[in-house]
1. Answer yes if at least one residue in the range 252-265 is in the same structural domain as Glu311 (by TED's automatic domain parsing), under 23 Å from Val219 (Cβ atoms) and in a strand (DSSP E or B), and no otherwise.
2. Test each condition in (1) in a loop (DSSP other than H, G, I, E, B); (2) surrounded by fewer than 23 Cβ atoms within 10 Å (Cβ to Cβ) for Gly105 and report the one that comes out false.
3. Quick test of your reading of the structure: Thr264 fulfils all but one of (1) buried (at least 19 other Cβ atoms within 10 Å of the Cβ); (2) of a type in the set (Val, Ile, Thr); (3) under 17 Å from Arg335 (Cα atoms). Name the failing condition by number.
4. Report, by residue number, each residue of the range 204-231 that is aliphatic (A, V, I, L, M), more than 25 Å from Arg392 (Cα to Cα) and surrounded by 13 or more Cβ atoms within 10 Å (Cβ to Cβ).
5. When you scan the range 461-484, how many residues do you find that are part of a helix (DSSP H, G or I) and surrounded by fewer than 12 Cβ atoms within 10 Å (Cβ to Cβ)?
6. So Tyr329 ticks every box in (1) farther than 30 Å from Ile469 by Cβ; (2) surrounded by 14 or more Cβ atoms within 10 Å (Cβ to Cβ); (3) in contact (Cβ under 8 Å) with a residue 40 or more places away in the chain but one. Which box is left unticked?
7. On the basis of being over 24 Å from Arg392 (Cα atoms) and either crowded, with 18+ Cβ neighbours inside 10 Å or not acidic (Asp, Glu) (or both), does Phe413 make the cut?
Amino acid sequence: MSTVNTKQNKVGKDLYDYQKEALHKIFKSFENAPEDYHLLYQLPTGGGKTVIFSEITRQYIKHYQKKVLIMTHRIELCKQTHKMLNEFEVHNKIINSKASLDDQGDYDCFVAMVETLNNRLNDDKLDISDIGLVIIDEAHYNSFTKLFKFFNKSFILGVTATPLSSNMKLPMKDNYNELITGESINTLIENEYLAKANIYSYNVGLTSLEVGANGDYTVKSSEDLYTNSDMLSKLLQSYEERAKGTKTLIFNNGINTSLHVFDTFKRAGYPIAHLDNTNTRKERDFILKWFKKTPNAIITSVSILTTGFDEPTVESIILNRATKSLTLYYQMIGRGSRILSGKSEFNVIDLGNNFHRFGPWGADLDWQRMFRAPNFYLDNLLTDEEIENDFRYELPPEVKSEFANTKEDDLYFDVKKVYISAIQAGESSKKVLERSIEHHTRMCVENSEDMFDALILAKKLGGDIDDRIHRYSKCICKSTHNFIDWLQDDYRKKLNSNIRNNFDEVFEDIFGHPPIEE
């Protein structure tokens, strides 16, 4: 059969060049591969996967005179797909639990949710003898694979933004023969098809989180962390610093967390609504309509808006959770990536160290390698402990204000760097603590008028001292509680002694003159 002309006709939407190129590659596979070939197509969230596979469906039916089945995992995606297919003048029917199949001969295309379709096929209530193409939306979900046995004579096309299986025990390479990758996020941003993400990452201690059987953090351990007052304060503070007054989505791992977020923002006087999968269809529709028309509206949610929700007016995304799922990371951020007149950028506030774990949204990832060797990618992700070891300790704002005379960069002391330098110079590891004490002494003197002021400031550096001792203990591979407690106590005594004995000398070195006596 000759190559199909993939130029868009007057029905549906005008396809972009990269979408037409995808059509061309996919139809090449239809022509050259066996009829039971399994092909996976990757394109970022917001790139128009539904548009592409709707046009594929239209042209496939026209040129091959066979029917098409499209599978999704959520009812919202079923309805969106049905609506898009209608725009492309594809006569399609949604197969749900109530749908009659007496008229299935009148349709060229069917749209179905996985479980409903599975029941219909097992009950032999759907004629699939003339289905030549099966399209799977959000193909990284493994619920689809149990249906493959029914379609051993059909071409299967999976589409996804991230070709990583949601179950690492069932890698996608075991179910698909080939991966075709679409345009990268960066290219789509450069060509103004997607908005650029400005990511603000706030360091969070995640060592209390536990990983469940599904490979991601458990809801219970996440709830314990993200419902405590410190984390709720950090969330509100980050919103006020980076997203105040913008239309915002907050993603949480747990309904209880989302309700705490709702209460926190409500008490602070911000317009916010909570949404989870227990809301009725009427409640959900009401909240989403309110969100659409309210300029500075906030929705705090749990999972429900990660797929099947497109609202281009979203200006800020807050990841109020940690995840080990690259797919979920990309899905959550992708909710803000739709372009709009006057919107070329959006904010992302990360409160789960996800940026450190996965890199920037839109990083140049090797999807082909990830598809072929998913474990290689996953095994090389940084652990939470490794991530947190690289964090800079930040003085609390009220403490930092006491050290206003010290430049921002001069507040930081890199324990690991100083340790490596000392060892390479053949010095004792204790030199690290001596230099740290000298650094803290200088900070205290630089922001004091006399020795007594400096000693008061030294007491306020407890958090910074404990962090430095913790990092030092890791360098020397000694971390018993008793040893660390002794080091912290000894450090404080030596810091106070150093300030008393050397205040005048350090003061003159900093200011060029001795302290002025009253």
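1. yes
2. (1)
3. Of (1) buried (at least 19 other Cβ atoms within 10 Å of the Cβ); (2) of a type in the set (Val, Ile, Thr); (3) under 17 Å from Arg335 (Cα atoms), only one is false for Thr264: (3).
4. Within the range 204-231, Val219 is the sole residue that qualifies.
5. Final tally of qualifying residues: 2.
6. (3)
7. no
Matching residues to (1) charged (D, E, K, R); (2) surrounded by 20 or more Cβ atoms within 10 Å (Cβ to Cβ); (3) part of a loop (DSSP other than H, G, I, E, B):
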site	(1), (2), (3)
Asp36	yes, no, yes
Tyr41	no, yes, no
Pro44	no, yes, yes
Gly47	no, yes, yes
Glu55	yes, yes, no
Arg58	yes, yes, no
Val68	no, yes, no
Met71	no, yes, no
Gln80	no, no, no
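The values are calculated or read from the model by the stated rules, or taken from the named source; none is laboratory data. Here the structure is a predicted model, which is why all the values come from computation and not from measurement. Cβ sites come from the backbone with ideal geometry, for glycine too, and all protein chains shown count toward neighbours.
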